[in-house]
1. Please order His215, His52 by the number of other Cβ within 10 Å, starting at the fewest.
2. Taking Cα centroids, how far is the range 219-240 from the range 102-161 in Å?
3. Of Lys164, Lys218, how do they rank once you tally other Cβ atoms within 10 Å and put the fewest first?
4. Could you calculate the contour length gain from Asn165 to Trp184, that is, 0.36 nm times the residue separation minus the distance between their Cα atoms, to one decimal place in nm?
5. Using modelled backbone amide H atoms (1.01 Å from N, in-plane), which distant-in-sequence or interchain residues come within less than 5 Å of Asp148's amide H?
6. Quick one: which residues, 5+ away or cross-chain, put their amide H under 5 Å from the amide H of Asp99? H built at 1.01 Å from N.
7. For Lys33 and His52, calculate 0.36 nm times their separation in residues minus their Cα-Cα distance, and state this gained length in nm to one decimal.
8. Let's test the formula: R0 of 41 Å, r as the Cβ-Cβ distance of Ile25 and Thr229. What FRET efficiency results, to the nearest 0.05?
Amino acid sequence: MTLRFLVVVCLFLAGTARAADLPKIPSKPIAQKKELLFSDDFEGSARPAQWHKVVETFAFEAGALKGTQTRDVTIPAAGDKPEIKAHAAVHGLEIPTKDSVVECRIKFDGATMIDVEFDDRKYTGAHYGHICRAQVRLTGVTIIDERDGNMKNDIRAMATGPEKNKLLEGRQVTYPVKLQPGKWYLLGVETAGDEMRVTIDGKRVAYLQSSGIGHEMKSKIELGVAGKTGWIDDIKVWNAAPAR
């Protein structure tokens with residue numbers, strides 16, 4: 001048995017073990033759609049009042065929402081000017097929800113990440129009121145419990161190390177996917193209680209159950225684009241009830 005073959009086998013087994021550790025994704029929706037709270041197909045010039053700018057660099061073009069990250073490097077503080085941190089482009093919706101279903105079409109056009117984020121600016125236990133989010137990349141879908149995970153004030157203030165890593169266990173999960181740039185996909189994000197389930201083109205792709213996701217009132221939904229340009233279209237937000 002050659003060394004190269006042994007390396008390939010070990011890498012395969014390691015990948016299989018990681019995949020086996022991922023939570024099983026429920027085969028059916030975890031949230032049942034109720035009242036349609038919001039929809040926008042981005043046609044015409046008038047936009048619903050719920051939209052607001054968060055990190056500017058979004059534009060309404062060609063009947064869609066175009067996000068482009070321009071703050072891609074951190075600019076150090078100089079003189080009386082504060083540090084400007086690198087940050088994804090973010091556009092927000094003032095739509096309070098607890099359990100919900102968010103659907104939109106997304107397209108990667110140079111972007112490395114497109115996400116749907118839930119926040120509560122009145123919640124002071126986590127940085128900037130971040131609660132949870134679903135991130136989509138060409139190679140994977142990540143769900144993060146930010147309220148009780150990486151954005152929780154106590155955890156965020158800790159130095160990187162075993163103690164911090166222990167507190168972050170189970171607060172984030174990434175499932176592999178294979179997506180293509182330049183192609184439209186239908187993204188679905190379901191939240192019900194302390195669970196989040198993500199679908200792409202109707203197929204289940206990611207799932208996480210974690211306490212922060214069950215935050216009582218998520219006051220905002222934000223859409224983020226990192227790594228140049230991504231497109232979002234035909235967004236709909238439903239109030240929902242747990243389906244099980």
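Here, each number is a calculation from the coordinates, and none is a lab measurement. These numbers were taken from a predicted model, which means no experiment stands behind them. Because the Cβ atoms are built from the backbone with ideal geometry, glycine has one as well, and the counts that use them run over all protein chains shown.
1. Values: His215 24, His52 11.
Listed from fewest to most nearby Cβ atoms, that is His52, His215.
2. 13
3. Working: Lys164 15, Lys218 23.
Ordered by Cβ neighbours within 10 Å, fewest first: Lys164, Lys218.
4. On the way: separation 19, 0.36 × 19 = 6.84 nm, distance 3.58 nm.
Taking Asn165 through Trp184 to full extension adds about 3.3 nm, to one decimal.
5. Amide H neighbours of Asp148, under 5 Å, 5+ apart: Gly212.
6. Amide H neighbours of Asp99: Ala240.
7. Details: separation 19, 0.36 × 19 = 6.84 nm, distance 2.48 nm.
In short, 4.4 nm is gained.
8. Values: r = 29 Å, r/R0 = 0.72.
Once the sixth-power term is evaluated, E becomes 0.90.
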